[in-house]
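The values are calculated or read from the model by the stated rules, or taken from the named source; none is laboratory data. From a predicted model like this one, the values you see are computed outputs, not experimental measurements. Methodologically, a virtual Cβ is constructed for each residue, glycine included, from the backbone with ideal geometry; neighbour enumeration extends over all protein chains shown. Note: accessible area is taken over every heavy atom of the protein model, side chains too, but ligands, DNA and RNA are not part of it. Shrake-Rupley method; radii C 1.70, N 1.55, O 1.52, S 1.80 Å.
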Amino acid sequence: MPETLSPINPCSSDWEKHLTVVPQIQVTRNCNLACGYCFQEHSGGIIGLATVETILRRVIAYNLTADPLNKVMQIYWHGGEPLLAGSEFFRAIIRLESQYPELSFENRIQTNGTLMSDELARLFVEHQFQLGFSLDGPKEIHNRYRCFPGSRSGSFDAALRGIELYRRHAMADRVAVIAVVTRASIGRAADLFKFFKALQAEVQLDIYDVRWLDLIPEAGEVLGLSDLAPLPEEVGRFLIELFDLWFWDQDRQVDFKELRQEVKMVLQPELKLGDPFDKKRCDFRRLIFAPDGKVFSCDQWVNDGQTALGDIHQDSLATILTNKAVLWEKIKQRIRRSGEQMACGSCEWGQQCGGGCFTCMKYNAMLLRARSEGLPDSRWADAVLPPAWEAIRGETYFCKGLWAFRHHVREAIRWELANAG
């Protein structure tokens, strides 16, 4: 579900004049966990500081040209597990950033928390790094998929120790959390609410989506997939139950970013998210920088070097962004068609929702099918989607559940406004 973003039309003639880049730097593809649903291949070392310096230098120069008045630089440090890099790496990052005293840096790290130490916590607090922790819920839910390799023991206790260690140094009332929701937890909205309320968390939900292979007939029937992806109606019931627990709760000790955004969508229907982005990582301004310097549209693609938009060591950011714009325009023409063939155009929430990941999953499916047929990547649009994929007209597999959920949210808000005071 969406976060509000300024609409960007990358195919207009003047998009470069106001477009600034938000880098997401993959510190490493490696990780100390072996989560059952992780899409990344865990290999390789830590990104070189020379590569980081190149990324920062080029992005800063580009952004100051695009918007000279914007003196704030957001950087997302991801992985793999970024804390594998250790404290000296992040001290080096701080030294690199200190070379630009005219800028204010907003460093944001997403971590599983298990490697948090007093030294790292002090460093992050002192230099105002914003941390987000990956925590799926109560111990039995979290440990189902977030395990250490080899022993397959759960990481809950270590993750919670890391969170509390950081919170003590930060003296923070709230802690930011991303929770992956699978079929193992989709029926436990009340347990998740109670747990995150006790933790006093600000939660971002990441509902596990279907994979591109899941809907190809030879991979099995939809109901017989894995135990990871919930069904649309399960998503609807989960979100309705969670919303009611959150919306009518008087304590306000927990927040769910997506639920708050849904309320905003009802109260401010004039807001538009633009096309096509429904997730923050899908923002046209976001670029994913792999440890070797290759640049991607989405971190879901970093395992496939052939899908890179370019290489920061060799290509200009203008070229990389143009490649991204051209690719998206071709995807829209071939896949995300409007009118009768695209459900989002007739959906009452279409302009605010912005859709989901399904367009890009269709593109990935066509790309891999083209390769299997011996076609070059440039001819991916010539591949034919499997019938099960063509039959899905919405931008997300969960449309049916989201429709029910959004109707419920709208009625709850109308009731509250009518009975306020």
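Okay, here's what the table says:
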item: Residue satisfying all of: in the stretch 128-142; open to solvent by less than 70 Å² (accessible area, probe 1.4 Å) and part of a loop (DSSP other than H, G, I, E, B); nearest to Glu106 (Cα to Cα) among these; result: Phe129
item: Residue pairs meeting the criteria (Cβ under 7 Å; at least 6 apart or on separate chains; first within 23 Å of Asn70 (Cβ to Cβ), in the stretch 106-121; second assigned to a loop (DSSP other than H, G, I, E, B)); result: Asn107/Phe129; Ile109/Phe129
item: Only one of Tyr166, Tyr145 that is surrounded by 14 or more Cβ atoms within 10 Å (Cβ to Cβ) and without any contact (Cβ under 8 Å) to a residue 60 or more places away in the chain; result: Tyr166
item: Selected residue [assigned to a helix (DSSP H, G or I), at pLDDT 80 or above, out of contact with any Cys (no Cβ under 8 Å at 6 or more places or on another chain) and open to solvent by 50 Å² or more (accessible area, probe 1.4 Å)] from Lys362, Lys324, Lys400; result: Lys400
item: Qualifying residue in the stretch 98-106 (condition: closer than 28 Å to Leu259 by Cβ, surrounded by 18 or more Cβ atoms within 10 Å (Cβ to Cβ) and either at pLDDT 95 or above or among the small types (Gly, Ala, Ser) (or both)); result: no
item: In the stretch 95-107, the residues that are in a loop (DSSP other than H, G, I, E, B) and either closer than 30 Å to Gly154 by Cα or of a type outside the set (Phe, Trp, Tyr) (or both); result: Ser98, Gln99, Pro101, Glu102, Leu103
item: Cβ-Cβ under 8 Å pairs, at least 6 apart or on other chains, the stretch 247-263 side touching a residue at least 12 places away in the same chain (Cβ under 8 Å), far side among the basic types (Lys, Arg); result: Asp249/Lys197; Asp251/Lys197; Gln253/Lys197; Val254/Lys197; Asp255/Arg174; Glu262/Arg406
item: Ala172 vs. criteria open to solvent by less than 40 Å² (accessible area, probe 1.4 Å), assigned to a loop (DSSP other than H, G, I, E, B) and out of contact with any Asp or Glu (no Cβ under 6 Å at 6 or more places or on another chain); result: yes
item: Residue match in the stretch 77-94 (condition: in contact with a Phe, Trp or Tyr (Cβ under 7 Å, 6 or more places away or on another chain) and either assigned to a loop (DSSP other than H, G, I, E, B) or surrounded by 14 or more Cβ atoms within 10 Å (Cβ to Cβ) (or both)); result: no
item: Residue in the stretch 108-117 that is out of contact with any Asp or Glu (no Cβ under 8 Å at 6 or more places or on another chain), part of a strand (DSSP E or B) and open to solvent by 40 Å² or more (accessible area, probe 1.4 Å) present; result: yes
